[in-house]
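Comments concern the structure below.
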Amino acid sequence: MANPVLVEVTRGTMVESRHRGMVVAVDSAGRIVFSAGAVDHLVFPRSACKAMQALPLVESGAADHYDFSARELALACSSHNGEPEHAELAGAMLARAGRSVEDLECGAHWSFQQETLINQVRTMDRPTALHNNCSGKHAGFVCTCAHTGEAVSGYVGYDHPLQREIRATMESLTGAALSQDVCGTDGCSIPTYAVPLQGLAHGFAKMATGEGLSPERAKAARRLIDACMAEPFYVAGTRRLCTEIMALAPGRIFAKTGAEGVFCAALPEQGIAIALKCEDGATRAAEAMVAATLARFLRDDEALHTALMAKANHTMRNWNGMAVGDVRVTEALTA
């Protein structure tokens, strides 16, 4: 089936661009409560599933052994801006395990956020792996291996014990069989697996509610979700939608973006989780989609609903501040 147009971008009185996509919301039992598009389609979650990948950090006892607070756990689930606070905390996590930036296998890059990038260029010769948007997740990986006694070197490899454990964890959460056939390599060098969009949403519904999980996993999962909601700056950063959405309703919304137009979110109070994919990979459309989808389940809170819809539908301005068009979601998301 052809995925519907979920977001339009206008210029003047004309629609200049259209973004097709698929979105699904499920309850903790996996029942679909809203959908649009081919929700059984395989998608790479990319960074949207980092909270799932962080479960071994908690379940192994490493998080408690190194006395990690909500801030460190949020960073372990993050795709951060590389702001000074992010890089400093990633380094501190490694130091607690007697490790350093040299142990990170995620690579280094400049910040993707313009203001942070400008500050980096002014203050350093080059970025380190601590500035990689995935450094928190990788610091969590290193700490897990250091605690369990697994080899730290090569922890990104498909056959490394940690990656095997993450693969099994994601299979259990999503219900998908994961193998080399659906495996790619993520931007930070770890394996990434294509899973049905509906299964991805169900996995987050399980994490947010604990339903269908063992008591130990339910406790670990909720600890990570709660950490992200409590410390949204460390999940993304300044002027990032993940951070802004969670800050709108502290403790009520979990949200995490992934590359190529993927977003996952959860509403623990309602026992609902959301997964979506903008077909062309556009972040601007994925952000509008997740804001509008969350808003449909929060109509009883007028102020929060209005704030979310303001992020779904917003005016674009040029460098002179002139309004030139709008990003807007279609009736496929709002009806």
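Note the full-extension length gain between residue 2 and residue 69 as 0.36 nm times their separation in residues minus their Cα-Cα distance, in nm to one decimal.
In short, 19.7 nm is gained.
Would you kindly derive the ³J(HN,Hα) couplings of the range 121-127 from the backbone phi angles with the Karplus curve 6.51 cos²θ - 1.76 cosθ + 1.60 (θ = phi - 60°), listing them in order in whole Hz, with x for Gly and Pro?
Karplus-based 3J(HN,Hα) across the range 121-127 equals 4, 6, 10, 9, 6, 7, x Hz.
Given R₀ = 35 Å, FRET efficiency for residue 314-residue 159 by Cβ-Cβ distance, to 0.05?
0.20
Working only with C-alpha atoms, what are the Rg and Dmax values of the range 199-298, expressed in angstrom?
In Å, with Rg to one decimal and Dmax whole: 12.9, 39.
List residues of the range 181-210, by number, whose backbone nitrogen lies under 14 Å from a label position 7 Å along Cα→C-beta of residue 41.
195-198
Can you send over the solvent-accessible area of residue 331, 1.4 Å probe, protein chains only, in Å² to the nearest 10?
Only protein atoms counted, so the area is about 140 Å².
Let's see if you can work this out: charge +1 on each Lys and Arg Cβ, -1 on each Asp and Glu Cβ, no other charges. What is the dipole magnitude of the range 52-110 about its Cα centre, in debye to the nearest 20?
With Lys and Arg at +1 and Asp and Glu at -1, about 40 debye.
Given all pairs of different Cα atoms, what value in angstroms does the Kirkwood hydrodynamic radius of the chain take?
20.0 Å
Please get the size of the charge dipole for the chain, origin at its Cα centre, with Cβ charges of +1 on Lys and Arg and -1 on Asp and Glu, quoted in debye to the nearest 20.
In total the dipole reaches around 480 debye.
Considering amide H positions built from the backbone, and no H for Pro or chain starts, which residues 5 or more places from residue 324, or on another chain, come under 5 Å of its amide H?
Under 5 Å from the amide H of residue 324 lie the amide H atoms of 316, 317, 318, each far enough along the sequence or on another chain.
On a C-alpha basis, how far is the centre of the range 126-140 from the centre of the range 260-332 in Å? Whole number, if you could?
28 Å
What residues have an amide H closer than 5 Å to that of residue 280, excluding those fewer than 5 places away on the same chain, when H is modeled at 1.01 Å from N in the peptide plane?
Amide H neighbours of residue 280: 20.
Quote to one decimal, in nm, the extra length available between residue 303 and residue 126 on full extension: 0.36 nm per residue of separation minus the C-alpha distance between them.
Between residue 303 and residue 126, full extension yields 59.4 nm more.
Report, by chain and number, residues whose modeled amide H sits under 5 Å from the one on residue 82, excluding near sequence neighbours (fewer than 5 apart, same chain).
Amide H to amide H, under 5 Å and 5 or more residues apart or across chains, residue 82 pairs with nothing.
Between residue 322 and residue 92, what's the calculated FRET efficiency when r is the beta-carbon distance and R0 is 45 Å? Round to 0.05.
Result of the calculation: an efficiency of 0.50.
Highest mean first, what order results for 213-220, 107-114, 32-39 on Cβ atoms within 10 Å?
For the peptides 213-220, 107-114, 32-39, the packing ranking is 32-39, 107-114, 213-220.
Using +1 at the C-beta of Lys and Arg and -1 at the C-beta of Asp and Glu, which of 76, 140, 49 has the Cα lying farthest in the positive direction of the dipole of the range 31-152?
49
All other residues with a Cβ under 13 Å from the Cβ of residue 95 taken together, and with Lys, Arg as +1 and Asp, Glu as -1, what is their net charge?
Cβ neighbours under 13 Å give a net charge of -3.
State in Å² the accessible area per residue of the range 70-166; use a 1.4 Å probe, count heavy atoms of protein chains only, and round to the nearest integer.
43 Å²
What ³J(HN,Hα) values, in whole Hz, does the Karplus curve 6.51 cos²θ - 1.76 cosθ + 1.60 give for the range 241-257 when θ = phi - 60°, with x put for Gly and Pro?
5, 3, 5, 5, 5, 5, 6, 5, 9, x, x, 10, 10, 10, 8, 8, 8
Provide the solvent-accessible area of residue 166, counting protein heavy atoms only and rolling a 1.4 Å probe, rounded to the nearest 10 Å².
10 Å²
Considering only protein heavy atoms and a probe of 1.4 Å, how much of the accessible area of the chain is carbon and sulfur, as a whole percent?
Ligands and nucleic acids excluded, carbon and sulfur reach 48 percent.
Can you tell me the accessible area per residue over the range 246-335, all protein chains present, probe 1.4 angstrom, in square angstrom?
Solvent-accessible surface per residue comes out at 43 Å².
Taking the Cα atoms of the range 31-89 alone, what are Rg (to one decimal) and Dmax (as a whole number) in Å?
15.7, 44
How much length is gained if the chain between residue 10 and residue 110 is pulled fully straight, taking 0.36 nm per residue apart and subtracting their Cα-Cα distance, in nm to one decimal?
That pair, residue 10 and residue 110, stretches by 32.9 nm at full extension.
Which of the listed residues, 154, 118, 66, is farthest toward the dipole's positive end in the chain, when Lys, Arg count +1 and Asp, Glu count -1 at the beta-carbon?
Projecting each Cα onto the dipole axis, the largest value belongs to 118.
Can you run phi through the Karplus equation (6.51, -1.76, 1.60; θ = phi - 60°) for the range 132-146 and list ³J(HN,Hα) in whole Hz, with x for Gly and Pro?
Result, rounded to whole Hz: 4, 4, 9, 5, x, 4, 5, 4, x, 4, 4, 5, 4, 5, 4.
The values are calculated or read from the model by the stated rules, or taken from the named source; none is laboratory data. Since we're looking at a predicted model, the values are computed, not measured. All Cβ positions, glycine included, derive from the backbone under ideal geometry; neighbour counts span all protein chains shown. SASA here: full protein model, heavy atoms, side chains in, ligands and nucleic acids out. Shrake-Rupley method; radii C 1.70, N 1.55, O 1.52, S 1.80 Å.
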